1. Restricting things to Cα coordinates, could you compute the convex hull volume per residue of the stretch 37-116 in Å³?
2. Would you kindly calculate the translational diffusion coefficient of the stretch 49-88, applying Stokes-Einstein with the Kirkwood radius from alpha carbon pairs, for 10 °C and a viscosity of 1.306 mPa s, and quote it in µm² s⁻¹ without decimals?
3. Using R₀ = 22 Å, calculate the FRET efficiency as 1/(1 + (r/R₀)^6) where r is the Cβ-Cβ separation of Q39 and Q1; round to 0.05.
4. Can you send over the carbon and sulfur percentage of the accessible area for the chain, probe radius 1.4 Å, protein chains only?
5. In what sequence, highest mean first, do 36-45, 98-107 appear when ranked by Cβ atoms within 10 angstrom?
6. For the chain, what does the relative contact order come out to in percent, with C-alpha contacts under 8 Å and a separation of six or more?
7. Once you keep just the Cα pairs under 8 angstrom separated by 6 or more residues, what percentage relative contact order results for the stretch 23-69?
8. Between L47 and S84, what is the label-point separation in nm under the 7 Å Cα-to-beta-carbon projection?
Amino acid sequence: QVQLVESGGGLVQPGGSLRLSCKASGSFFGIEAVGWYRQAPGKQRELVVAINNHGRTNYADSAKGRFTISRDNAKNTVYLQMNSLKPEDTAVYYCNIDAPPWYDVWGQGTQVTVSS
């Protein structure tokens, strides 16, 4: 089984930055695809960015130019660097990974609040 622990959320002013982390632990062969999602109150969960095991990324339009996904395979950790944050970025952020033999594994989420 694999467990995900997200961290790095918090309260930040508009224009500020946060770096979210998603660390995987357990028994698996390595992390393949990774996605960061977010869910704002009253809205559906949406993809922010995904990266596959070839390093190909797919950013939502809202994240392009401001957010960057990265990974440290040695630490089984994935990061989401978020810059130039806006109030509309306020949401619970979740990571989702494929880590064979486990697929579609979700973290517990971390709250990001952008407010002055």
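The values are calculated or read from the model by the stated rules, or taken from the named source; none is laboratory data. These numbers come from a predicted model, not from an experiment. As a convention, Cβ positions derive from the backbone with ideal geometry for all residues, glycine included, and neighbour counts pool all protein chains shown. For the accessible areas, the whole protein counts, side chains as well, though only heavy atoms, and no ligand, DNA or RNA atoms are used. Shrake-Rupley method; radii C 1.70, N 1.55, O 1.52, S 1.80 Å.
1. 108 Å³
2. 144 µm²/s
3. Taking R0 as 22 Å, the efficiency between Q39 and Q1 is 0.40.
4. 47 percent
5. Packing proxy ranking, top to bottom: 98-107, 36-45.
6. Relative CO of the chain lands at 38 percent.
7. Here the relative contact order equals 27 percent.
8. 2.2 nm
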